[in-house]
Structure formats: structure tokens, C-alpha cells
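Working notes, structure below.
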Amino acid sequence: MTRDEFSPLSVPYISGRTRLYGIVGHPIEQVRSPEFVTHEFVSRGIDAIVVPIHVPPERFDELMPAIMNIANLDGLIVTVPYKARAARFVTSLGPQAQITRTVSVLAKRAEGWIGEMFDGVGCVAALRRRGVAIKDKRIALLGAGGAGSAIGVAVSSQAPRSLRIIDPDTARASAAVSEMQQAFPSFDVAAGASLDFNQFDVLINASPVGMLDPTACPLQVNHLPPHLAVMDIVMKPDETRLLRMALESGCKVIYGREMLGSQLTAVVDFFMDR
């Protein structure tokens with residue numbers, strides 16, 4: 001083959017003009033945003049792509065400003081364990097992030113970086129799309145980290161009967177409860193050490209337990225009451241041990257990818273400042 005006959009292979013969705021977005025986390029191999037959000041960009045005719053960025057915890061404060069200074073980088077998605085730590089690097093916070101002081105998405109604007117939290121909105125939308133009501137229901141929430149606190153706020157805004165938050169870090173659980181009480185003063189919310197799942201209607205795992213490890217489960221039980229709707233926001237594996245147990249118990253299950261799917265439009269709109 002001569003030089004004139006050589007034609008390099010190419011793909012139609014990336015070039016030197018493509019705008020760059022990233023997802024920052026530790027670990028990173030479990031994330032689905034590069035696939036789903038890039039697809040949303042492409043389907044809208046937006047020349048942009050999302051790439052995974054693995055940042056070790058001990059270098060996060062050093063590397064985050066450097067990443068945000070990349071000239072053709074227009075936004076970041078933030079995943080575990082950085083949703084609280086990333087909030088300090090933005091110029092302003094959106095309405096949800098102002099309550100939780102955590103961020104899941106950062107977007108570059110002319111006036112600086114703005115951060116917002118979409119996990120709670122996505123969780124509520126995923127439950128609603130599967131016909132799981134929140135209003136007047138008894139909700140159990142596992143995990144009070146960045147995603148958990150955001151989900152707690154979003155769930156609380158839907159007027160459930162009660163919310164119980166469980167986290168091995170009791171101080172973090174108490175802080176999340178205080179956060180909900182300030183935002184919704186008359187709401188029945190409390191931290192719990194253990195839960196009787198017969199007394200609940202919806203169980204949401206917002207902890208990272210089960211992520212990448214199909215043998216891990218946030219609950220030390222072998223059966224759940226069949227009336228319970230169970231959601232696990234972990235995206236890899238798709239079917240966690242908790243969800244397998246819920247299926248075997250006859251529960252309705254909602255997968256982590258459904259939460260991401262429910263917030264795709266809002267995230268890309270936020271990136272595009274729409």
C-alpha cells in the first residue's frame with residue numbers, strides 16, 4: 001500500500017474540536033456516565049464527549065484545580081467519594097447543592113464554575129417512572145454521604161410520611177437529619193441504628209456497599225418483606241446482592257442505571273446552560 005492509498009480509520013463523534021467533559025471518582029471503572037451522557041450529547045448533535053478521570057483521594061485537592069483549568073474542558077461529573085469535597089472548588093452552588101453542600105455536576109460558565117446536585121432529583125424521577133409513590137410513604141435510606149444526603153432532601157420534598165436514615169458513621173447520619181429538619185421543619189425524619197423493614201414501604205441504598213463487589217450487601221438479612229420497593233443506586237454490578245435478595249423476596253426493584261437515565265436530560269441541560 002502506498003502513502004496515497006493509506007486512509008486512517010476514524011470515528012464520527014470525536015475530533016480536535018470536540019468539547020471535553022469528565023467524571024471524577026475513586027474508583028472509576030464502575031461509572032456509566034461516559035456511555036450514557038456521551039450518547040445524550042451525540043443524540044442532540046452536540047460535539048462533546050465524557051471521559052473517566054481516576055483521581056486518588058490523597059491527590060484530589062492538588063489535581064482538581066488543574067483538571068478544571070483544562071482549556072477545552074466544559075464540565076465535570078463527580079462521583080464517590082468526592083461529592084462533598086468538590087463543592088469547595090466552585091464559584092456558586094445551585095438550589096439543591098445549597099441545601100446539601102454537595103455537588104454531582106460542575107459546569108463552566110463565563111462567571112466561573114457552578115455546582116449542582118442531581119442525584120436526588122434522578123432518584124425521585126426513577127422511582128416515579130416505575131410507579132413507586134413517595135407521598136405518605138415510609139422511607140428507609142441507607143447511606144448519608146453526598147448521594148445519600150441529596151436523595152434524602154429530594155425524597156423529603158415529596159411529602160413522605162417518614163424518613164429513617166442509617167449510616168455506620170453516626171455523626172454523618174445525624175448531620176443529614178439536621179439538614180432535612182432545617183429544610184423541612186415539620187417532617188418526621190430521624191437516624192436509626194437498625195430497621196424493621198416490615199415498617200417501611202420503600203428502601204433506598206445510597207451507600208457504595210456492593211459497588212464492584214457482587215458479594216457485598218449493606219444489610220445483614222436474608223429476606224425482605226415482599227411489599228417493599230427496593231432501589232440500589234449502585235450501577236456496577238447492575239444487579240447487586242441487595243437487589244438479588246429483593247427479587248428473591250418478591251419485591252419490586254429499581255436499578256441504579258435507572259437513576260442515571262432519569263437525570264440525563266437535566267444534567268446535559270445544565271452543562272449547556274439551558
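Coordinate-derived values only; no laboratory data. Every value quoted in this text rests on a predicted model; they were computed, and no experiment measured them. Every residue, glycine as well, gets a Cβ built from its backbone with ideal geometry; the counts of neighbours run over all protein chains shown.
The table below gives the values:
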item	result
Order of Thr215, Thr100 - criterion: other Cβ atoms within 10 Å of each residue's Cβ, fewest first	Thr215, Thr100
Shape call, segment 167-274: gyration tensor on alpha carbons, a/c limit 1.5	oblate
Unit charges on C-beta of K, R, D, E only; dipole of segment 166-233, Debye	20
On Cα atoms only, tilt of 119-129 relative to the major axis of the chain in degrees	70
Ala48 long-range amide H proximity, modeled H, under 5 Å	Arg19
Estimated FRET transfer efficiency (Ala110, Ser194; beta-carbon r; R0 51 Å; 0.05)	0.50
16 Å Cα-Cα reach of Lys135 towards aspartates and glutamates, excluding residues that sit fewer than 8 places from it in its own chain	Asp188, Asp201
14 Å Cα-Cα reach of Lys108 towards aspartates and glutamates, excluding residues that sit fewer than 8 places from it in its own chain	Asp74, Glu116, Asp269, Asp273
Helix 256-271 vs. the chain, principal-axis angle (Cα, 0 to 90°, nearest 10)	50
Rounded to 5, the percent of DSSP beta bridges in segment 120-259 classed as antiparallel	0
Straight-distance crosslink candidates among lysines, where the alpha carbon sits under 27 Å from Lys236 and sequence neighbours closer than 8 are dropped	Lys83, Lys252
Considering only the chain, percent of DSSP beta bridges that pair antiparallel, nearest 5	20
HN-Hα J in Hz across segment 98-111 - Karplus 6.51, -1.76, 1.60, θ = phi - 60°, x for Gly and Pro	5, 7, 8, 6, 10, 9, 10, 9, 10, 10, 7, 10, 4, 8
Nitroxide proxy distance, nm - points 7 Å out along Cα→Cβ at Ile28 and Asp169	2.2
Nitroxide proxy distance, nm - points 7 Å out along Cα→Cβ at Arg85 and Ile70	1.8
Using θ = phi - 60° and Karplus 6.51 cos²θ - 1.76 cosθ + 1.60, couplings along segment 167-176 (whole Hz; Gly, Pro as x)	8, x, 8, 5, 5, 5, 5, 5, 5, 5
Cβ-based exposure ranking for Cys123, Cys251, in which fewest neighbours within 10 Å come first	Cys251, Cys123
